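The values are calculated or read from the model by the stated rules, or taken from the named source; none is laboratory data. Bear in mind that the values here come from a model prediction, so they are computed numbers and not experimental data. Ideal geometry is used to build each Cβ from the backbone, glycine not excepted, and the neighbour counts take in all protein chains shown.
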Amino acid sequence: MLNRSFCFILCTLILLISGLNCAKIDNPLAPSLEREGLVPSGRWLWGIWEARVVPDSNGSAQVLFVPLRTTDLHMNVVGMMESGGKPAVGIIPPVKLENGILDVTVKLTHPFPNPKLTGFDVRGILIGHGSIGGFSEAMFYAGPDDLELLNADGHTRLWNPTEYSGSGYVDGKLGKPDAIANYTATLNGYKYFSDSLTPDMPVHYMLKAKRGAFSAGASNSRHYKIRLGNKGLTFQYAVDANWFKPTEPVKVPESFDVTKANCPEPYHIEAKVGPGIYGGGGSASVTVDVYDWQKDVTSAFVEAPLLTDQVIELKNPQNMGDFVRFSGTLTNVNLPPVDSVDLLFYARGVDPVTSKTYTDYRLYHLPLVRVPPEGVVITLQDDMAYKTIGVTYTYGGKDYNWGTGDPAPVDYKDLNGPWDFTSIPNNASALRVALAKTDPEVAGFADDFNPAVTHFFKTEWSLGGSPDQVYQAESHDVSANKLKLWGVYEEKELQGSVPFDPPLDFPYPMDKTTHYKINQKYTIIPFLLTFTITFERWGMGEGVAFIPVEPGVNGWGWEAYPALETRTWAKFETGGALGKGVLGTALLYEWIADNGTSIGSVGAGNTPDDPPNFNETTYEIIGVGTAQALRAID
């Protein structure tokens, strides 16, 4: 026989959920929700915990969840979890703790098997300290020294103890007294849980037909990347869910009315900011994709109070099927003297039952990169750092299509910056790595070149099929500030080694005044084969380069660097009895950081058997060029 007191709790909960959802509740687990004018309808707090991080000496940690509770028995869902049912929150190992960043996978388990209690739009919210404000609504969020969920699916004001405090709160039976009072952030990050999401899957990839259901009795997991900050190793964890009485027989999700059982606000917003905003000004395009079950959102908003005093309302809705896209423009008007600014995107929805307003937020950190006062200068020493033996630089264009799929619209004539790659339409990938001349990979041809060679600089790329490799035999003349190129090895076209004697000398440092030309002819086989290189380089200007990258910890799609833009033109031809004349010409625009790293490039080439795709007189790219951006440094 069931314990009579537990049976009473269960029956009370079911009655409450099915028919008493208009009752006023005054405690932090189910507050009166007066801040946004909300009343309890389909929204419930599944539980609230204090999380304690206990580090060890092996780069790992224990994460302990201590349940908190209220004195109000009729809504004490957490008390039920303490008294019976499956564990509601747990950890899936391994746990990593390095440099103050906690990597942990959290598993939530629905405590009851009855399909009538299937939840929707479940959010696991991290609540910590807030030290920064400034948006149009009075709220505080994590500063650089505070706990922050770095890979948040979104942000919310729900259930924070500052705004949702009530007289009914009592610490949990294992909780730290008054622990909740110290968590001052009112805008907090969350991860979204559903049966259709794996731990690292983006929310917008979720199977929409299931409407974000969290089935009764099911377990679902999400990966959290948490910066712990310096306020201690504890934080609050709250689980928000939505539910409404289904029709019978129960079928998920059809039996649950979408206007009542799902959250009335957008369940997810996906925001993108294009390149163009830097410390000295600039503008950028902004798009916000709003995912809303009720499809009643008419506009979205973006705020950046350090950049502009205006709250920008994004309109121009485009129905994209699963979501509605809103767009606009953000401009750096205020020119703040800071390294980064915070942007807040949000969209509101109206509860069809209560006519109250709900909001879903997305907070981003935007770096404001500046050109150094002394300008961008690429020196020989910096180039040596770029050519560190064994360090691999990976470039690519795969999946980088931030524009329309047209050729990369890079403003290569811009002499002042900023510059950007707003589209990387090709699927090419490349890597560059410096190899010692004793490396087994180059040992077979290292002796073909001058003994002064110290290393080989390998470039490998793939345009389909097997990758191609070119090895440049190099050394540095530090006293003369010159990079010396002693020849190249390439098997596919050159069929082996082409040594240069004397070497090609590339002068350093480079800056925006750089201009030099090299013309050199080499005899490969006396009387039969010669090889001629013509090489010219210009420093075009200095500015900020915006490079598309895979979404980072806050979903940001751009990295920005102070950079020198260079233009390089080269021609290659063979002569003698076996010569074939001009092999081709190439035009390359590079954006080079002041540490010598080539962070992006756009290249084009003309060959005798291919139509030209750049004008050799004006150096204008007139066809599709190969655009690549730095993706990773290993």
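With the structure loaded, tell me whether residue 224 is in the same structural domain as residue 121 (by TED's automatic domain parsing) and at pLDDT 95 or above or whether it fails that test.
Against the criterion (in the same structural domain as residue 121 (by TED's automatic domain parsing) and at pLDDT 95 or above), residue 224 qualifies.
Examine segment 601-609 for a residue that is in contact with a helix residue (DSSP H, G or I) (Cβ under 8 Å, 6 or more places away or on another chain) and not in a strand (DSSP E or B), and state whether such a residue exists.
For segment 601-609, residues in contact with a helix residue (DSSP H, G or I) (Cβ under 8 Å, 6 or more places away or on another chain) and not in a strand (DSSP E or B): absent.
For segment 350-361, does any single residue satisfy the condition of being part of a loop (DSSP other than H, G, I, E, B) and under 25 Å from residue 207 (Cβ atoms)?
yes
So if I check each of 573, 493, 536, which one is surrounded by fewer than 18 Cβ atoms within 10 Å (Cβ to Cβ) and either of a type in the set (Val, Ile, Thr) or not in a strand (DSSP E or B) (or both)?
Unique residue meeting the criteria: 493.
Could you list, in sequence order, the residues of segment 137-153 that are under 22 Å from residue 264 (Cα atoms) and touching a residue at least 24 places away in the same chain (Cβ under 8 Å)?
139, 152, 153
Are any residues in segment 438-448 assigned to a loop (DSSP other than H, G, I, E, B), over 23 Å from residue 394 (Cβ atoms) and touching a residue at least 24 places away in the same chain (Cβ under 8 Å), and if so, which ones?
445
Given the condition within 30 Å of residue 207 (Cα to Cα) and touching a residue at least 24 places away in the same chain (Cβ under 8 Å), answer yes or no: does some residue in segment 367-381 qualify?
Within segment 367-381, not a single residue is within 30 Å of residue 207 (Cα to Cα) and touching a residue at least 24 places away in the same chain (Cβ under 8 Å).
Pick from segment 449-470 the residues that are more than 15 Å from residue 388 (Cα to Cα) and in a strand (DSSP E or B): which of them is modelled with the lowest pLDDT?
That would be 462.
Out of curiosity, is residue 517 touching a Phe, Trp or Tyr at 6+ places or on another chain (Cβ under 8 Å), at pLDDT 95 or above and basic (Lys, Arg)?
Details: touching a Phe, Trp or Tyr at 6+ places or on another chain (Cβ under 8 Å): yes; at pLDDT 95 or above: yes; basic (Lys, Arg): yes.
Considered against the rule, which asks whether it is touching a Phe, Trp or Tyr at 6+ places or on another chain (Cβ under 8 Å), at pLDDT 95 or above and basic (Lys, Arg), residue 517 comes out as yes.
Looking only at segment 430-448, count how many residues are at pLDDT below 95 and touching a Leu at 6+ places or on another chain (Cβ under 9 Å).
0
Residues of segment 614-629 being crowded, with 17+ Cβ neighbours inside 10 Å and without any contact (Cβ under 8 Å) to a residue 40 or more places away in the chain, which ones?
614
Tally the residues that are small (Gly, Ala, Ser) and either assigned to a strand (DSSP E or B) or over 30 Å from residue 371 (Cα atoms) (or both), restricting the search to segment 270-285.
Summing the residues that are small (Gly, Ala, Ser) and either assigned to a strand (DSSP E or B) or over 30 Å from residue 371 (Cα atoms) (or both) in segment 270-285 gives 5.
Which residues, taken from segment 90-118, are touching a strand residue (DSSP E or B) at 6+ places or on another chain (Cβ under 7 Å) and at pLDDT below 90?
Within segment 90-118, just 110 meets the criteria.
Go through segment 366-393 residue by residue and tally those that are in a strand (DSSP E or B) and either crowded, with 18+ Cβ neighbours inside 10 Å or modelled with pLDDT under 90 (or both).
Summing the residues that are in a strand (DSSP E or B) and either crowded, with 18+ Cβ neighbours inside 10 Å or modelled with pLDDT under 90 (or both) in segment 366-393 gives 4.
Does segment 286-297 contain at least one residue that is outside any strand (DSSP E or B), hydroxyl-bearing (Ser, Thr, Tyr) and either touching a Gly at 6+ places or on another chain (Cβ under 7 Å) or farther than 26 Å from residue 353 by Cα (or both)?
No: segment 286-297 contains no residue that is outside any strand (DSSP E or B), hydroxyl-bearing (Ser, Thr, Tyr) and either touching a Gly at 6+ places or on another chain (Cβ under 7 Å) or farther than 26 Å from residue 353 by Cα (or both).
Would you mind finding the one in 91, 127 that is crowded, with 23+ Cβ neighbours inside 10 Å and assigned by TED's automatic domain parsing to the domain that holds residue 57? If you could, list the steps in order and put the result at the bottom.
On the way: 91 fails: crowded, with 23+ Cβ neighbours inside 10 Å.
It is 127.
Give segment 187-200 a look and list any residue that's at pLDDT 95 or above and assigned to a loop (DSSP other than H, G, I, E, B), or say none. Outline the logic, then answer.
Just the residues of segment 187-200 that are at pLDDT 95 or above, to begin with: 187-199.
Within segment 187-200, 187, 194, 195, 196, 197, 198, 199 qualify.
Say we look at segment 220-239 and pick out the residues that are more than 13 Å from residue 128 (Cβ to Cβ) and touching a Phe, Trp or Tyr at 6+ places or on another chain (Cβ under 9 Å); which of these is surrounded by the fewest Cβ atoms within 10 Å (Cβ to Cβ)?
221
Which condition breaks for residue 466 when tested against (1) surrounded by fewer than 15 Cβ atoms within 10 Å (Cβ to Cβ); (2) closer than 21 Å to residue 573 by Cβ; (3) of a type in the set (S, T, N, Q)?
(2)
Please give the number of the condition residue 548 fails out of (1) closer than 29 Å to residue 521 by Cβ; (2) modelled with pLDDT under 85; (3) within 26 Å of the chain's Cα centre (by Cα).
(1)
Pick from segment 306-337 the residues that are of a type in the set (Val, Ile, Thr) and over 21 Å from the mean Cα position of the chain (by Cα): which of them is farthest from residue 282 (Cα to Cα)?
Once the filter is applied, the top-ranked residue is 324.
So for segment 249-269 (the condition being touching a helix residue (DSSP H, G or I) at 6+ places or on another chain (Cβ under 7 Å), assigned to a loop (DSSP other than H, G, I, E, B), assigned by TED's automatic domain parsing to the domain that holds residue 93 and buried (at least 21 other Cβ atoms within 10 Å of the Cβ)), does at least one residue qualify?
No: segment 249-269 contains no residue that is touching a helix residue (DSSP H, G or I) at 6+ places or on another chain (Cβ under 7 Å), assigned to a loop (DSSP other than H, G, I, E, B), assigned by TED's automatic domain parsing to the domain that holds residue 93 and buried (at least 21 other Cβ atoms within 10 Å of the Cβ).
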